[in-house]
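Enquirer: Attaching a single structure in structure tokens format; questions to follow.
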Amino acid sequence: MSIRVIAQGLNDLERFMTVVPDVARRAATLAINQTAERKGIQALRAQMEEEVAFPPRYLADKRRFGVTKRATKNDLEAIITGRQRPTSLARFASGNALIGARGGGRLSVRVNPGARKQLPSRAFLIRLRAGEGAVSDDAFNIGLAIRLKDGERVTGKKVMVPFGGGLYLLYGPSVDQVFRTVSAQQAPHVADMLTDEFLRQFNRLIGER
């Protein structure tokens with residue numbers, strides 16, 4: 001899912017375009033990109049972190065959440081995009097129960113910032129391939145797996161990927177899923193930011209003429 005920061009959100013843009021079109025277009029381009037890359041995305045990220053307990057700086061990675069298109073003077077639109085792939089539940093886990101380990105304790109997860117949930121004793125962290133290479137001590141990702149009986153499911157967990165041998169990898173919400181809710185709530189606020197930034201840039205550019 002993507003959110004578009006576009007010039008249509010600017011108050012009285014048509015009037016500015018009529019009077020000083022070149023300055024207005026330059027100001028709009030700067031305002032859209034500044035809003036998308038700074039205050040706008042910061043506000044969106046902050047609320048997303050209030051909704052879901054993503055790890056620190058998880059959403060700062062532009063591959064997961066960031067601007068995927070910048071505005072130009074001929075295309076007054078910037079796009080912010082959230083990654084659609086579900087987030088491994090291991091990102092939200094605490095504890096050190098590893099596959100094959102004995103007495104490693106039980107895992108708990110905190111997806112909702114205000115609540116932590118303990119997982120069944122059959123749940124554990126597992127090393128997964130990182131990219132195309134084989135799993136090694138220096139190259140691996142961590143997943144959260146659980147061993148289930150035939151037809152068994154984890155209550156409230158929709159995203160379960162078979163891993164073989166009765167094992168399933170568990171996932172939490174994707175960045176895109178959280179972004180869909182937050183973007184609708186933040187749209188009026190982002191539009192106000194855009195207008196304020198446009199007026200600031202317009203006045204600055206007019207003063208430089």
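The values are calculated or read from the model by the stated rules, or taken from the named source; none is laboratory data. This structure is a prediction, so every number in the text was calculated from the model and none was measured. Backbone-built Cβ (ideal geometry, glycine too); neighbour counts: all protein chains shown.
Enquirer: Hey, which of the helices (runs of 4 or more DSSP H) in segment 12-97, taking only ones fully inside, have at least 1 residues that are at pLDDT 95 or above and in the same structural domain as S183 (by TED's automatic domain parsing)?
Expert: The helices (runs of 4 or more DSSP H) meeting that bar are 21-37, 39-51.
Enquirer: Output the residue which, of all residues in segment 9-48 that are of a type in the set (S, T, N, Q) and farther than 27 Å from G82 by Cα, is surrounded by the most Cβ atoms within 10 Å (Cβ to Cβ).
Expert: N11
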